[in-house]
Each structure stands twice: as C-alpha cells, then as structure tokens.
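Asker: Once you've had a glance at the structure underneath, I'll fire off some questions.
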Amino acid sequence: MHTLDFKKLSLREINKTLQGSDNNSSFTIKNPKGSHALAAGINKKIDVKVLGSVGYYCAGMNKKSSIKIEGSAGPGLGENMMSGNIHVTGDVSQYAGASGHGGNILVEGNASSRCGISMKGIDIVIKGNVGHMSAFMAQKGTLVIFGDAGHALGDSIYEANIYIAGKVSSLGADCVEKKMTKKHIINLKNILSNANLTDDNLGRFKRFGSSRSLYNFKVDNAKI
Amino acid sequence: MKKKSVTHPRTSYTFDAYTNSEIRRAAETGIYDIRGGGSKRNLPNFDDLLFLGASISRYPLEGYRESCNTKVTLGDRFSSNPLNLEIPITIAGMSFGALSAQAKEALGRGASSVGTSTTTGDGGMTKEERGHSKQLVYQLLPSRYGMNPDDLRKADAIEIVVGQGAKPGGGGMLLGQKINDRVAEMRTLPKGIDQRSPCRHPDWTGPDDMEIKILELREITGWRVPIFVKVAGSRPYYDVALAAKSGADVVVVDGMQGGTAATQEVFIENVGIPTLACVRPAVKALQELGLHRKVQLIISGGIRNGADVAKALALGADAVSIGSAALIALGDNDPRYQKDYEKLGTTAGAFDDWHEGLDPAGITTQDKKLSKRLDPKLGGRRLANYLNVMTMEAQTIARACGKNDLRNLEPEDLCALTVESAAMAGVPLAGTNWIPGA
C-alpha cells in the first residue's frame with residue numbers, strides 16, 4: 001500500500017504515479033481537499049482509496065481501476081468511464097457517470113441532477129435520491145435508484161434501463177414504465193451484486209425505459 | 001386599332017421562386033428543411049477585401065525565388081508536443097458516419113502528404129483515419145459518441161467542440177439511413193435510428209467548468225497534446241477570450257459559411273455571423289489578453305483559395321481550416337455526376353442533402369456501392385494538389401506584399417471594397433483611410 005499526500009505532492013505528480021503504476025498496486029490518497037481531475041485517466045488494475053472529498057471529474061475516463069472515495073464527489077464523477085468501479089461513501093454532484101461506457105459506480109448518498117446523462121453501458125447504483133433529468137439521453141447500461149427521482153427522469157432515453165424503488169417526480173419525453181419481469185429481477189440482482197450489495201425486496205423496484213417513439217424523426221416529435 | 005400596352009409580368013423580390021417553392025414544400029410535408037453544408041446566402045466575405053501589394057513605399061519579394069515561410073506551430077502554450085504543420089491550412093472535423101470510410105481515408109492521405117492535420121468528428125476515431133493521418137485532432141463533442149480514452153491518448157491534439165458555424169447553439173442529427181452496423185456500434189445505438197447529437201456537453205456548462213474539463217483532459221494525456229477549443233462564430237470577442245482564459249492552446253472560430261453534415265436550413269441561414277466578421281474581434285480578444293500568437297487562432301467557414309487563406313492570416317489568424325472545400329476537391333458536387341444529381345431533384349453545385357446518404361460522389365454516404373465511387377488514393381492526391389495550390393497562391397500574395405512569412409501579412413496590407421466589409425474587417429475602404437467604426 002502506497003500513500004500519496006496532497007500536502008506533499010501536486011495533482012500532476014499524484015496522477016502520474018497512479019497512471020504509471022503496476023497492475024495490482026494499492027494507493028491511499030490523503031488530503032484531497034476537493035481537488036479536480038484526481039485519478040483521471042487510469043488504465044491499470046489498481047486500487048485507490050481517497051480519504052476525503054474530491055472535486056470535478058474524479059476518476060474521469062477510468063479504465064480497470066477500483067476507486068473508493070471516503071467522502072463526497074463533485075461534478076462529473078467517473079465521466080466516460082470504460083470499466084472498473086467507483087464507490088463513493090457520501091453524495092455526488094451533477095453528471096455522475098456521464099457518458100460512461102462500462103464498469104460500475106456505487107453512491108451511498110444522493111446524486112444531483114443529470115446522473116447517468118448520455119450513459120453508454122455503465123451501471124450506476126444510487127442508494128439515495130437522484131436529481132432532475134437523470135438518465136437524460138441514456139443509451140445503454142443501467143441506473144438503479146433506491147430513493148426518489150427528480151423531474152424528467154429518463155428524458156429522451158434510448159436503450160438504457162432504469163430501476164427505481166422510490167417515487168418519480170415526473171418522467172421525461174419518451175420514457176415509460178415497463179414490465180418488471182423475472183429476467184429484469186435477475187439483471188437488477190446482478191448489478192447490485194457487482195456493487196457488493198444485496199437486497200431482499202427487489203419486488204419494490206419499478207423499471208423504466210424508452211417507448212422508442214422518438215427513434216426516427218417525425219414532425220410531431222419536433223413539437224414536444 | 002392600336003394594340004393596348006401591357007406591363008411585363010412582375011415577380012416579387014420578397015416572394016422569389018426559391019421562397020415560394022420552400023413555402024409549398026413546407027405546406028406539403030409539415031417538416032422544416034434539413035440539409036448539409038453552410039450558409040448559401042450572399043454574405044460579406046473575403047472577396048470584399050483586396051491586398052494593396054507593394055509599391056514605392058513597400059518592397060516586394062521575388063515571386064518564385066525568395067522564400068516565404070508557410071510553417072506554423074499550433075498549441076505550444078501548455079502542451080509538450082504541439083502540432084508542427086508545413087502549411088497553415090488544416091482539415092476540419094468531419095465524422096465517419098457523415099462521411100464514408102473512403103472519404104475519411106482520402107482526407108487523411110491528402111493532408112498527411114502535404115504535412116497538415118485532419119480532424120475526427122462525431123462518432124469517434126476510426127482505425128483507418130488514425131492510420132492515414134500523420135497528425136490527427138480528436139474531437140470531444142457533446143454526444144461523446146465513440147469517445148474513448150485509448151483513442152484520446154492516440155491523438156495528436158484534442159478539440160473541444162463548443163459550437164459549429166453552421167449552427168451555433170444547435171446539436172446535430174444523423175438520420176437512420178446512414179446508420180449502418182459499424183456506425184451504430186461506434187455510437188452505442190441501435191442500427192437505423194436517427195441519432196441526435198446534443199447541443200451542449202453532458203458534464204460541463206460555462207467557462208469555469210470548461211477550464212476544469214481542460215485540466216482533466218491534460219491530466220489524462222499527461223499534458224502532452226494541445227487542447228483546441230472550437231466555437232461557432234457568434235460572439236467571437238467574448239468566446240475567444242473565455243476559451244483562452246479557460247486554458248485552450250488553440251481557439252478555432254467557425255463562421256456561418258462553415259458546413260455541417262445536417263441541420264435545419266433556417267438555422268444555417270439565420271443564426272451566427274459571417275466568417276469575415278469573426279476574425280478581428282477574435283484577434284482583439286487575444287491581443288488584449290497578451291495571448292495573440294501564444295494562443296493560436298484558426299479561422300474556418302467558407303475558405304476556398306489561397307487569397308482567403310492570406311486574408312484570414314493578414315487579419316491575424318494563425319491558420320485556417322477547410323471542410324466543404326476539401327469535399328469539393330474530393331469530388332463533391334462534381335458535374336460528372338450531373339445525371340445522378342438530376343435523379344435526386346437537384347443539380348451539380350447545389351446538392352446538399354448530405355444527410356440522406358445518397359451522395360452520387362460517394363463522399364457523404366455509407367452506401368457501399370456509392371462509397372466505392374471514391375478512390376481514396378486518387379481523392380487524397382486531389383486534396384494534396386488543392387492544398388498545394390492554395391498554399392502557393394497565399395505565398396504569391398504574401399511575396400507581393402513583401403512578406404517572407406505568411407503570418408507576417410497584416411491588416412495594413414488590406415483594403416475593403418464595401419463599407420460593410422471595411423467595418424467587419426477593420427481595414428480602410430479602398431482609396432480612403434476610413435475604417436467605419438474605428
């Protein structure tokens with residue numbers, strides 16, 4: 001286990017160390033003090049534990065690595081992530097997992113607006129609530145919400161899935177409730193399992209996705 | 001009996017034939033017109049400027065014998081590996097999807113052979129274009145279709161696209177006809193559906209966010225490659241200042257003659273400002289920040305020949321970028337396909353339904369048969385020839401103005417033919433020392 005301390009090292013030095021490390025290394029990062037772009041662009045199978053809250057784009061474009069943030073995260077957590085996983089013990093700001101292609105994000109607290117915007121295959125699990133416009137234009141992957149969702153959930157959604165246990169303030173354009181089949185219960189169980197979670201009452205989750213009515217341009221769609 | 005005089009039938013200037021046809025089309029279909037390309041209006045443009053040339057008070061260089069530098073370095077503000085280009089003419093971002101794989105390959109071949117760069121587009125980087133482009137700029141677009149950190153690290157520069165001159169404030173749409181299996185896979189969407197490209201980025205909004213986004217991209221690429229920011233020509237003074245303040249190495253300003261793969265006609269013709277009007281405000285913003293020539297400025301939108309290149313540089317740009325002109329060099333709208341254009345209800349020179357994927361020249365299509373009409377090697381050669389001609393034309397003008405470097409051209413070398421262009425370019429009306437608004 002290596003310790004990297006922001007009191008002694010710059011962002012560039014810390015990221016360079018993480019990006020250039022050997023697979024299976026472990027790091028603890030101290031005193032992040034809301035630093036931006038921390039642990040961005042890692043392409044190694046390493047474990048990173050951050051002791052404290054981080055700023056924008058933590059673990060941006062992450063590939064393979066496993067990152068735990070013991071605190072909260074600013075906007076764009078794990079944006080465009082390709083694989084690996086991120087675990088946040090606190091809350092996350094806007095655009096968590098934006099355009100993520102793969103891997104998974106677990107947030108123990110709440111997520112602000114546009115969580116999972118434009119997601120392209122990532123799985124995101126939010127133990128609390130999510131803000132408005134979450135899963136906006138979500139293309140692929142899954143957003144699991146244990147709490148409630150703000151307005152316009154899943155607006156203009158494509159082939160992504162949303163599972164939610166709480167209330168939905170309103171649905172966005174083209175997003176509809178869909179049947180929760182046995183297949184989907186298994187899918188949800190697997191996603192939770194990948195995030196090291198279990199839940200005995202998956203039956204309370206509802207599923208939402210695209211009605212696919214906006215998939216091809218029609219003049220009546222333009223009036224929405 | 002004397003024949004009664006009749007007046008000649010008078011058509012309306014307001015309701016001309018094109019306007020009437022568009023009203024009828026709208027009434028029939030209920031859909032606004034979507035097309036590719038840039039503005040077709042008669043806008044103030046670089047043709048409205050003239051070079052003064054040397055005379056008794058200025059000393060010319062020998063046209064063919066004395067050297068005139070064309071090289072330019074882009075992005076040496078913060079990056080350790082800036083782009084070193086042989087000519088100040090780059091190829092603008094055009095996506096695989098909007099263009100055929102053959103067209104992308106031809107652009108790469110042509111640009112690389114004369115030592116300049118090409119740019120990806122919405123939908124990501126293809127193996128072919130990386131392979132055929134020695135210097136490739138990777139675009140970060142709002143859709144993030146095909147965005148991949150591995151490709152990001154393979155790029156020679158990154159261009160954050162905030163806007164396009166054809167549609168400032170607008171997104172894009174690639175109609176389902178052009179979404180084949182490969183395009184669909186690259187964009188993580190089902191085949192055959194219309195793919196909407198959002199008008200703003202998913203993970204940042206204003207300039208303060210963009211500054212942090214640039215920091216993230218630099219951290220991911222180890223501060224190695226330059227970061228470009230591309231803005232549409234709308235408020236160039238403020239946008240360029242904000243892009244530079246956000247940490248861009250290079251700012252690209254795209255005027256309203258700049259093309260798009262597809263958007264609404266009403267958008268193309270009514271939003272944004274002409275390229276000519278973009279240059280001086282952009283330069284002024286950089287000068288006031290003490291960053292002119294430190295943050296390089298690329299101007300695009302309707303650049304056609306060496307005179308346009310020379311004029312853009314004389315007004316203070318470091319380089320230009322071409323898109324539509326490069327496609328024409330490859331064969332877009334070539335009269336040899338006239339019969340095919342007629343079948344599509346148009347004519348060579350006017351074809352702009354690039355979004356429908358039926359391009360007779362095999363450029364803006366994913367149709368296998370049509371795509372084969374473009375030989376990438378021949379297309380690359382044609383583009384290289386065209387880029388060489390533009391460069392030589394620009395050098396000819398620069399030497400005539402006594403400049404041994406294209407970037408030594410200056411506003412003082414220019415005059416304007418109209419009051420409007422004099423005001424926009426900030427140069428005197430020809431034969432006077434009057435600069436309107438100065």
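The values are calculated or read from the model by the stated rules, or taken from the named source; none is laboratory data. In this text the structure is predicted, and so the values were computed from the model without any measurement. Heads up, the Cβs are rebuilt from the backbone with ideal geometry, glycines too, and the neighbour counts pull from every protein chain shown.
Asker: Restricting attention to the range B:314-357, which residues are part of a helix (DSSP H, G or I) and hydroxyl-bearing (S, T, Y)?
Answerer: B:S324, B:Y337, B:Y341
Asker: Examine the range B:216-231 for a residue that is within 30 Å of A:S10 (Cβ to Cβ) and hydroxyl-bearing (S, T, Y), and state whether such a residue exists.
Answerer: Yes, there is a match, as at least one residue in the range B:216-231 is within 30 Å of A:S10 (Cβ to Cβ) and hydroxyl-bearing (S, T, Y).
Asker: Given the options B:T90, B:T70, name the one that is under 26 Å from B:K167 (Cβ atoms) and not small (G, A, S).
Answerer: B:T90
Asker: Shifting gears a bit: I'd like the full set of residues that are over 18 Å from the mean Cα position of the chain (by Cα) and among the polar types (S, T, N, Q), limited to the range A:151-188.
Answerer: Residues satisfying the conditions are A:S156, A:S169, A:S170, A:T181.
Asker: Would you confirm whether any residue within the range A:151-167 is among the hydroxyl-bearing types (S, T, Y) and within 14 Å of another protein chain (Cβ to nearest Cβ)?
Answerer: yes
Asker: Would you please name the residue that is nearest to the other protein chains (Cβ to nearest Cβ), looking only at residues in the range B:7-22 that are within 30 Å of the chain's Cα centre (by Cα) and not aromatic (F, W, Y)?
Answerer: The extreme case among them is B:E22.
Asker: Moving to a separate point now. May I ask you to list pairs of residues, at least six apart or on different chains, whose Cβ atoms are under 8 Å apart, with the first in the range B:38-62 being at positive phi and the second being surrounded by fewer than 18 Cβ atoms within 10 Å (Cβ to Cβ)?
Answerer: B:G53/B:P60
Asker: Given the conditions (1) more than 28 Å from B:V279 (Cβ to Cβ); (2) surrounded by fewer than 20 Cβ atoms within 10 Å (Cβ to Cβ), report the number of the one that B:E420 does not fulfil.
Answerer: (1)
Asker: Those residues that are among the polar types (S, T, N, Q) and either at pLDDT below 95 or not in a loop (DSSP other than H, G, I, E, B) (or both), I need them from the range B:12-23; list them, please.
Answerer: Hits for the range B:12-23 are B:T19, B:N20, B:S21.
Asker: Please go through the range B:77-101 and give me each residue that is more than 20 Å from B:V253 (Cα to Cα) and modelled with pLDDT under 95, ordered by number.
Answerer: B:F96, B:G97, B:A98, B:L99, B:S100, B:A101
Asker: Sticking with this structure for a sec: Of (1) farther than 23 Å from B:I273 by Cβ; (2) within 14 Å of chain A (Cβ to nearest Cβ); (3) under 20 Å from the mean Cα position of the chain (by Cα), B:T29 satisfies all except one. Which?
Answerer: (3)
Asker: Let me ask something else about it. Kindly provide the set of residues from the range B:119-157 that are among the hydroxyl-bearing types (S, T, Y) and away from every other protein chain (no Cβ under 14 Å), ordered by number.
Answerer: Within the range B:119-157, B:T119, B:T120, B:T126, B:S133 meet the criteria.
Asker: Taking only the range B:39-71 into account, find how many residues are basic (K, R) and under 18 Å from the mean Cα position of the chain (by Cα).
Answerer: 2
Asker: May I pose another question? Take the residues in the range A:14-32 that are of a type outside the set (A, V, I, L, M, F, W, C) and assigned to a strand (DSSP E or B); name whichever of them is surrounded by the fewest Cβ atoms within 10 Å (Cβ to Cβ).
Answerer: Step by step, filter the range A:14-32, then rank; the result is A:S26.
Asker: Same structure, new question: List the residue pairs whose Cβ atoms are under 8 Å apart, where the first residue sits in the range A:34-50 and is within 11 Å of A:N15 (Cα to Cα) and at pLDDT below 95, the second is among the aliphatic types (A, V, I, L, M) and outside any loop (DSSP other than H, G, I, E, B), and the two are 6 or more positions apart or on different chains.
Answerer: none
Asker: Quickly run through the range B:207-248 and pick out the residues that are more than 14 Å from chain A (Cβ to nearest Cβ), buried (at least 23 other Cβ atoms within 10 Å of the Cβ) and over 23 Å from B:G171 (Cβ atoms).
Answerer: Residues satisfying the conditions are B:P226, B:A244.
Asker: Another question about this same structure. Are any residues in the range B:253-277 in contact (Cβ under 8 Å) with a residue 60 or more places away in the chain and assigned to a helix (DSSP H, G or I), and if so, which ones?
Answerer: B:E265, B:V266, B:F267, B:I268, B:E269, B:T275, B:L276, B:A277
Asker: B:L50 is checked against (1) farther than 28 Å from B:G379 by Cβ; (2) assigned to a loop (DSSP other than H, G, I, E, B); (3) of a type outside the set (G, A, S) and fails just one. What number does that condition carry?
Answerer: Result: B:L50 passes all but (2).
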